[in-house]
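Notes to accompany the following structure.
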């Protein structure tokens, strides 16, 4: 009878051991394998810090950490895989208010201007050269005629001229035209 009790206990122990082994083999081990594979893939893809793909580039970096080959010069126009950077809109505040003569009447134009760039560093350059930008835009706006800017084509032409004015200033001062577009967010004539 004592042998029966021992054999029953031994049977339970082996069943419990067998159950633990099955859980480890079929539950935990595959889960751990998947986790290791996912983390390893993310690490070598460069998604996790210190990853391989960004660090495996064999090009020699210059003093700024920018790479010399494959066209990646850090010019702010594109990110890694040719992805275009998001647009950054910068207001030219305060709004411009100019007057011009039209058939003997005093006319006023109020224009709110914003510029668009994709280079995050260009924001500082635009702010640095804001006095020249505002001066040249003021001269441009005040040289317009009422009839010339009262049509859609006239407003579009003025917008294109304003873009050229700002790009010219930035090109002269920084060597980069810096902005892609000028937008009039408010345009009031009276």
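All of the numbers you see were taken from the coordinates with simple rules; none came from a lab. Since the model is a prediction, treat every value here as computed from it, not as a measurement. Here the Cβ positions follow ideal geometry from the backbone for every residue, glycine too, while neighbour counts run over all protein chains shown.
The smallest convex shape that holds all Cα atoms of segment 82-165, its convex hull, gives 99 Å³ per residue. Note on residue 181/residue 105: beta-carbon distance plugged into 1/(1 + (r/R0)^6) with R0 of 30 Å gives a FRET efficiency of 0.40.
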